[in-house]
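Report on the structure given below.
The values are calculated or read from the model by the stated rules, or taken from the named source; none is laboratory data. Bear in mind that the values here come from a model prediction, so they are computed numbers and not experimental data. Note that each Cβ is placed from the backbone with ideal geometry, even for glycine, and that neighbours are counted across all protein chains shown. What goes into the accessible areas is simple: the full protein's heavy atoms, side chains included, and nothing from ligands, DNA or RNA. Shrake-Rupley method; radii C 1.70, N 1.55, O 1.52, S 1.80 Å.
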Amino acid sequence: MGVFDRLTGTKYPDSGVAPLPAMEVRAALLALNGTGVPFGVRNARPAETADLVAEWRIMEPAVGSSLSRKQWERTLKIRMRLVTATREVRTLDEQWAVTWAGDSPRRAVSREYGRGPAPRVSKQWTYERGPDGRRRKVETFSFDSREMKNPLRNAVLDAGWTWRGALFKL
């Protein structure tokens, strides 16, 4: 595996895995829906220039109070194109983030967009009293983008295909 493969997140199947037909790879990816994963896989729209899209929308809990209250809405997409000639699934990661502000969040104060592999982890904690009366930190929110990418990548690798990440276009 070369430097570019590491940069893009490209993974190759184990040498003993026989590659499945493209329709079975597609079916394996679509079968992830309803298995308890926090995202959905669907057929791509024509403008998305892909075969399949995995999408996850997250609304993080608000922080602050009244006018200083902020809340982040995140959308992660992985666009996937099945290339039968090379038995690979080319992928492009995209992320959007919108920061909402106000007592009942209505006003977008910032927007972000990025593409390419970018693992994202977000956690929030609060303090509360434990059974022994001591203060302890309790996780109230957790988000890890690997919860989306790992099942998709594993389905592709288990089908004997290469998972090829992209930085700019499919």
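Of the candidates Leu32, Leu76, Leu82, Leu92, the single residue that is in contact with a strand residue (DSSP E or B) (Cβ under 6 Å, 6 or more places away or on another chain), part of a loop (DSSP other than H, G, I, E, B) and of a type outside the set (Lys, Arg) is Leu32.
For segment 38-69, a tally of residues being more than 21 Å from Ala97 (Cα to Cα) and touching a residue at least 60 places away in the same chain (Cβ under 8 Å) returns 2. Report, by residue number, each residue of segment 139-170 that is in a strand (DSSP E or B), at pLDDT 90 or above and open to solvent by 20 Å² or more (accessible area, probe 1.4 Å). Selection gives Arg164 alone. Taken together, the residues in segment 87-96 that are open to solvent by 10 Å² or more (accessible area, probe 1.4 Å) and either under 16 Å from the mean Cα position of the chain (by Cα) or modelled with pLDDT under 95 (or both) amount to 5.
Condition check ((1) touching a helix residue (DSSP H, G or I) at 6+ places or on another chain (Cβ under 7 Å); (2) closer than 18 Å to Ser145 by Cα) across all residues:
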{"residue": "Leu29", "(1), (2)": "yes, yes"}
{"residue": "Asn33", "(1), (2)": "no, yes"}
{"residue": "Val37", "(1), (2)": "yes, yes"}
{"residue": "Ala47", "(1), (2)": "no, no"}
{"residue": "Ala50", "(1), (2)": "no, no"}
{"residue": "Ile58", "(1), (2)": "no, yes"}
{"residue": "Val63", "(1), (2)": "no, no"}
{"residue": "Gln71", "(1), (2)": "no, no"}
{"residue": "Arg74", "(1), (2)": "no, yes"}
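Against the test of being within 24 Å of Ala159 (Cα to Cα) and open to solvent by less than 60 Å² (accessible area, probe 1.4 Å), the options Thr35, Thr75, Thr10 yield a single qualifying residue, Thr10. Scanning segment 1-26 for residues that are within 20 Å of Thr84 (Cβ to Cβ), aliphatic (A, V, I, L, M) and assigned to a helix (DSSP H, G or I) yields Ala22, Met23, Val25.
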